[in-house]
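Structure record follows, encoded as structure tokens.
The values are calculated or read from the model by the stated rules, or taken from the named source; none is laboratory data. Given the structure is predicted, the values throughout are model-derived calculations rather than measurements. For neighbour counting, all protein chains shown are included, and Cβ atoms are generated from backbone atoms with ideal geometry for every residue, glycine included. Calculation scope for accessible area: heavy atoms of the full protein, side chains included, ligands and nucleic acids excluded. Shrake-Rupley method; radii C 1.70, N 1.55, O 1.52, S 1.80 Å.
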Number of protein chains: 2
Amino acid sequence: MSEHVPNAPKPETSQAETVASELTLAIHQHRVLPGTKLGEDDLAEIYGVSRTIIRAALQSLAHHQLVEIRRNRGAFVAQPSIREAHEVFEARVLLEPGVARRAAERTKPDDLALLQRHIQDEHAALASGDRGAALHLSGLFHIEIARIADHETLAGFVEILIARSSLIIALYWRRESALCEKHAHHALLEALRSGDGVAAEELMHSHLVDLHSALDLRERPKPARSLKEALTAPDTGL
Amino acid sequence: MSEHVPNAPKPETSQAETVASELTLAIHQHRVLPGTKLGEDDLAEIYGVSRTIIRAALQSLAHHQLVEIRRNRGAFVAQPSIREAHEVFEARVLLEPGVARRAAERTKPDDLALLQRHIQDEHAALASGDRGAALHLSGLFHIEIARIADHETLAGFVEILIARSSLIIALYWRRESALCEKHAHHALLEALRSGDGVAAEELMHSHLVDLHSALDLRERPKPARSLKEALTAPDTGL
DNA sequence: GTACACAAATTTGTATACAATGATGTGCTC
DNA sequence: GAGCACATCATTGTATACAAATTTGTGTAC
């Protein structure tokens, strides 16, 4: 039958999904930055698979708007515009508070333990200076809440929005403001623990508004990095 | 080998996108029903392209949850469960009223004309007995409103939800209730014309609640059709 | 020295070949 | 005749080969 072994000789998940997951993780953790070109041959060699697999993975990421595929040009890590950044956080403000309320009404003990660990891990990552990992875990916290809400459709949307948020934070995060989500997440956890849906809804709302306002979304060209793209656009004046 | 597409001297859009669009349309119009197997070789021959293209198109539809890909088994038109059906309409009730309000605040004269034509076409299709085409146009009406709202992120979600709604209607539509959306759509159009966001929001809300309640979502096995799948599952008792 | 034009090299787009997995059919055992 | 084992077939999964397009490099004209 099917025993859940990590390095199984018989992959239950397709190779394309594996590559897509790894790439997604790398983008979430800001190991590859927006604008980076993702050449098919390079990736094929890195992951030891053929371009067929890489292509499928890249298409998957493109559907999640994590990469942009330009015909005959290749795949690049997406660079959300200021407008897109606003859209994403507006959508999150619209969706996630309701999801949090739903989650508060359905939280089980195991869920609380998992969320608690997420917060711990996030804190540990921050303490060790790994901002990328902390950011990733911070996103996972929100995704976990969506999962607890037990609404796959909304959870899928939330997942997409959080993935794009990671790109937006990479591009527009205001350096001086600390990435201190510990308090907000802890308060949310407590609201979930007590089953207080209204509190969870409000906490999530203010948390997201905070995040949105912590971005520097004034008019400026996107910091297109790497290659000549960084040089064909005017400097940000930093 | 390419004599299928009439006028495509220089394809600006990739062949995979073309195939995906055609398949999506066919599903929206209920020309292929939920549960239908979409064999790669068959599709490759039909559209006159290689399996590579077909595969990319099917993956695209799978991302939109219009088809389900089972490893080593192939692609099948998705059969949303009752639970998924509820989820989809819950999500639509959550998202679309706000989108309609936004749209009312941004409607331009050209948009009104376009919506008017959609309603006309839908009515004409219904009169000629082409329920599939009418259903498709009905969905396009909602998508058009999302486009007018000028929020690409939300519009993308709405598009996905409407695509899935088409499958849900194919599976669970209550036969006796007429597919009479003309009044609701016309009322919405008028609200948009007068720029009354609150009215548009409320009209959209009640319209969606109506649609949801017009489905027969009582417990029953999914009508898996075609091939032996229809025989391995208990009959719907119809 | 700059700008344009052309050629080489790299990279993506598509088709096809082969391998692997699941489905089907046949024959043997009991 | 029922049930299982194995061979055969069909279909999907993956790799590779080739075509098309873009980018890079070089040479020449002015």
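The helices (runs of 4 or more DSSP H) found wholly in the stretch A:60-164 and carrying at least 3 residues that are within 11 Å of chain B (Cβ to nearest Cβ) occupy A:82-104.
Being of a type in the set (A, V, I, L, M) and within 11 Å of chain A (Cβ to nearest Cβ) is the filter; apply it to the stretch B:46-57 and report the residue that is farthest from DNA strand C (Cβ to nearest atom). Filtering first and then ranking leaves B:A57.
Screening the stretch B:128-170 for residues that are aliphatic (A, V, I, L, M) and touching a Lys or Arg at 6+ places or on another chain (Cβ under 7 Å) and picking the one that is surrounded by the fewest Cβ atoms within 10 Å (Cβ to Cβ) gives B:A155. For first residues located in the stretch A:12-39 and in a helix (DSSP H, G or I), partners that are within 14 Å of DNA strand D (Cβ to nearest atom) and among the β-branched types (V, I, T) and lie 6+ apart or on another chain with Cβ distances below 7 Å form the pairs A:Q15/A:V49; A:Q15/A:I53; A:A16/A:I53; A:V19/A:V49; A:V19/A:I53; A:V19/A:I54. Annotation: A:Q79 fulfils all but one of (1) under 30 Å from A:D196 (Cβ atoms); (2) in contact with a Gly (Cβ under 6 Å, 6 or more places away or on another chain); (3) surrounded by fewer than 21 Cβ atoms within 10 Å (Cβ to Cβ); (4) not β-branched (V, I, T); the unmet one is (1). Identify, from the list B:E45, B:E122, B:E105, the residue that is open to solvent by 50 Å² or more (accessible area, probe 1.4 Å), of a type in the set (D, E, K, R) and touching a residue at least 40 places away in the same chain (Cβ under 8 Å). After ruling out the rest, the residue left standing is B:E105. Given the conditions (1) surrounded by fewer than 16 Cβ atoms within 10 Å (Cβ to Cβ); (2) within 13 Å of DNA strand D (Cβ to nearest atom), and given that A:A20 satisfies all but one, which numbered condition is not satisfied? Exception for A:A20: condition (1). Among the residues of the stretch B:47-99, those identified as among the aliphatic types (A, V, I, L, M) and more than 13 Å from DNA strand D (Cβ to nearest atom) are B:V49, B:L61, B:L66, B:A78, B:I82, B:A85, B:V88, B:A91, B:V93, B:L94, B:L95, B:V99.
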